[in-house]
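A.B. asks: Handing you a structure now.
The values are calculated or read from the model by the stated rules, or taken from the named source; none is laboratory data. Every value quoted in this text rests on a predicted model; they were computed, and no experiment measured them. A quick note on method: Cβ atoms are made from the backbone with ideal geometry, for glycine too, and the neighbour counts reach across all protein chains shown. Surface accessibility is based on the protein's heavy atoms, side chains included, excluding ligands, DNA and RNA. Shrake-Rupley method; radii C 1.70, N 1.55, O 1.52, S 1.80 Å.
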Amino acid sequence: MMDITDSSISPSAKKGGKWFPALCSVCGTLILLGVIAAFLPLTIPRFMGYEIYEVVSGSMEPSIPVGSLLYVEEIEPEEVVPKDIIAFVRDGSVVTHRVEENQYVEGKFITKGDANSKEDMLPVAYEQLVGKAVYHIPVLGLLMAMLASTTGKIYAAIFAACGVMFHMLAGVLRERQREQRKG
């Protein structure tokens with residue numbers, strides 16, 4: 001007759017073995033990497049000297065769709081040529097339009113949105129220039145706007161805390177397994 005306590009299954013195998021702490025650790029790592037990766041498009045380009053904007057109007061469609069993440073690098077006004085897409089400040093907002101003409105003597109640009117039928121009514125003074133649009137990623141602007149909001153930052157912090165808790169749980173489970181092996 002076999003005694004129930006004399007089983008060949010180890011105590012750690014009864015409680016999930018080694019795979020459950022490993023799974024917790026992997027999940028925690030993936031969550032933390034996901035949170036970090038979500039913020040990379042907002043942080044790394046800034047270190048490289050780019051300004052980042054979300055496109056909120058359709059004046060540059062289809063070239064640059066609404067909701068795109070736009071990377072703008074600083075450029076000297078004299079280096080801007082027709083057909084370049086520039087970002088400039090107008091009435092407290094940043095606008096992105098294509099340059100039709102760079103009027104060097106007057107120190108201003110004539111611009112036009114790709115979706116607009118006519119040139120902009122007001123020329124853009126050199127002082128208003130933010131920079132040249134060098135790259136855009138469709139849809140990512142909407143996601144980055146959500147992440148940059150207070151609510152998005154709270155969610156990111158909660159996800160990061162979950163990742164840390166998964167790692168802590170894995171550590172506690174591994175410690176219990178070591179104690180069970182000793183005892």
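A.B. asks: For VAL72, are the conditions met, namely being more than 30 Å from LEU147 (Cβ to Cβ) and either at pLDDT 95 or above or touching a helix residue (DSSP H, G or I) at 6+ places or on another chain (Cβ under 6 Å) (or both)?
C.D. replies: On the way: more than 30 Å from LEU147 (Cβ to Cβ): no; either at pLDDT 95 or above or touching a helix residue (DSSP H, G or I) at 6+ places or on another chain (Cβ under 6 Å) (or both): yes.
No: the conditions fail for VAL72.
A.B. asks: Residue by residue through region 91-112, note down the ones that are more than 26 Å from the chain's Cα centre (by Cα) and either surrounded by fewer than 17 Cβ atoms within 10 Å (Cβ to Cβ) or hydroxyl-bearing (Ser, Thr, Tyr) (or both).
C.D. replies: Going residue by residue through region 91-112, those that are more than 26 Å from the chain's Cα centre (by Cα) are 91, 99-112.
Within region 91-112, ASP91, GLU100, GLU101, GLN103, TYR104, VAL105, GLU106, GLY107, THR111 qualify.
A.B. asks: Follow-up. Here are some conditions: (1) among the aliphatic types (A, V, I, L, M); (2) at pLDDT 95 or above; (3) open to solvent by 70 Å² or more (accessible area, probe 1.4 Å). ILE86 meets all but one. Which one does it not meet?
C.D. replies: Only one criterion in (1) among the aliphatic types (A, V, I, L, M); (2) at pLDDT 95 or above; (3) open to solvent by 70 Å² or more (accessible area, probe 1.4 Å) is unmet by ILE86, namely (3).
A.B. asks: On to the next question. Kindly establish whether ALA115 is hydrophobic (A, V, I, L, M, F, W, C), crowded, with 17+ Cβ neighbours inside 10 Å and more than 30 Å from LEU32 (Cα to Cα). Spell out the reasoning first.
C.D. replies: On the way: hydrophobic (A, V, I, L, M, F, W, C): yes; crowded, with 17+ Cβ neighbours inside 10 Å: no; more than 30 Å from LEU32 (Cα to Cα): yes.
Considered against the rule, which asks whether it is hydrophobic (A, V, I, L, M, F, W, C), crowded, with 17+ Cβ neighbours inside 10 Å and more than 30 Å from LEU32 (Cα to Cα), ALA115 comes out as no.
A.B. asks: Has region 137-157 got any residue that is over 17 Å from SER59 (Cα atoms), open to solvent by 60 Å² or more (accessible area, probe 1.4 Å) and part of a strand (DSSP E or B)?
C.D. replies: Within region 137-157 (the criterion being over 17 Å from SER59 (Cα atoms), open to solvent by 60 Å² or more (accessible area, probe 1.4 Å) and part of a strand (DSSP E or B)), the answer is no, since none of the residues qualifies.
A.B. asks: May I ask you to list the residues in region 17-51 that are at negative phi and not in a helix (DSSP H, G or I)?
C.D. replies: If the condition is that a residue be at negative phi and not in a helix (DSSP H, G or I), then LYS18, MET48, TYR50, GLU51 are the ones that fit.
For (1) among the charged types (D, E, K, R); (2) out of contact with any Leu (no Cβ under 8 Å at 6 or more places or on another chain); (3) more than 29 Å from LEU32 (Cα to Cα), each residue gets a yes or a no:
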site	(1), (2), (3)
VAL55	no, no, no
GLU61	yes, yes, yes
VAL81	no, yes, yes
VAL124	no, yes, yes
LEU129	no, yes, yes
LYS132	yes, yes, yes
MET144	no, no, no
ALA148	no, no, no
GLY152	no, yes, no
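A.B. asks: Mind checking which residues of region 58-77 are open to solvent by less than 60 Å² (accessible area, probe 1.4 Å) and assigned to a loop (DSSP other than H, G, I, E, B)? Quick ask: steps written out before the conclusion?
C.D. replies: Pass one, region 58-77, residues open to solvent by less than 60 Å² (accessible area, probe 1.4 Å): 58-60, 63-65, 67-72, 75, 77.
Within region 58-77, GLY58, SER59, MET60, SER63, ILE64, PRO65, GLY67, SER68, ILE75 qualify.
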